[in-house]
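Q: Pasting a structure below so you can have a look.
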Amino acid sequence: MAWINSKLFFTSLMILVALMGVGVGGTVHKVGDSSGWTMMGVDYQAWASSRTFQVGDSLVFEYNNEFHDVTEVTPHDFELCYSSNPLARYQTGSDTVTLTKPGFQHFICGVLGHCDIGQKLGILVFPASLGPVAAPVPGPVRSPSSSMSPSPSPLATSPTNAPQYQMGPSPL
């Protein structure tokens, strides 16, 4: 009996995991792919344009922390390559940033001159995917009425054939 309960639990767990799909955990994006976070040879704008970022995804920045850092900045500071007022600063050489909110996020290398020659990344983070969504269930189909009324009237009749009026918003 314990074996059957164990097998049922495992099967149920596998079905649940299959239904959840990739919605669990998000995608891990290694910034710059095999080149990592560096000031030479990577077009980060082109790298980002080939990806979709969603809440729950992670950015992994790998770099030599003797020569670089990762500084999250405002859009204004991103355009100016200004790192003196960071939203966050990462300096380990292997930093993972989890994307927690939709909107634009901007990262630069805070070492003087590196951002100016292209070590900067701006991304748009989309809300988390809801996964597959079931189609709405249609309501009951009404059969055509035996009366030849061209269209419903705003004036409806009750079972006692007394007129009933539909209320609309009052004019301002």
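The values are calculated or read from the model by the stated rules, or taken from the named source; none is laboratory data. If you're wondering where the values come from, they're calculated on a predicted model, not measured in any experiment. Heads up, the Cβs are rebuilt from the backbone with ideal geometry, glycines too, and the neighbour counts pull from every protein chain shown. Ligands, DNA and RNA are stripped out before the accessible areas are found, and what is left, the full protein with its side chains, is counted by its heavy atoms. Shrake-Rupley method; radii C 1.70, N 1.55, O 1.52, S 1.80 Å.
Q: Would you check if there is a residue in the range 69-78 being open to solvent by 20 Å² or more (accessible area, probe 1.4 Å), charged (D, E, K, R) and part of a loop (DSSP other than H, G, I, E, B)?
A: no
Q: List pairs: first in the range 63-78 and within 19 Å of S94 (Cα to Cα), second small (G, A, S) and not in a loop (DSSP other than H, G, I, E, B), Cβ under 7 Å, 6+ apart or cross-chain?
A: The qualifying pairs are E72/A88.
Q: Now for a different question. Quick one: M39 ticks every box in (1) at pLDDT below 95; (2) more than 19 Å from G110 (Cβ to Cβ) bar one, so which box is it?
A: Against the list (1) at pLDDT below 95; (2) more than 19 Å from G110 (Cβ to Cβ), M39 comes up short only on (2).
Q: Hey, among S129, S143, S170, which residue is in contact with a Gly (Cβ under 9 Å, 6 or more places away or on another chain), open to solvent by less than 100 Å² (accessible area, probe 1.4 Å), at pLDDT below 95 and of a type in the set (G, A, S)? Break it down into steps so the answer makes sense when it comes.
A: Working: S143 fails: in contact with a Gly (Cβ under 9 Å, 6 or more places away or on another chain); S170 fails: in contact with a Gly (Cβ under 9 Å, 6 or more places away or on another chain).
Answer to the check: S129.
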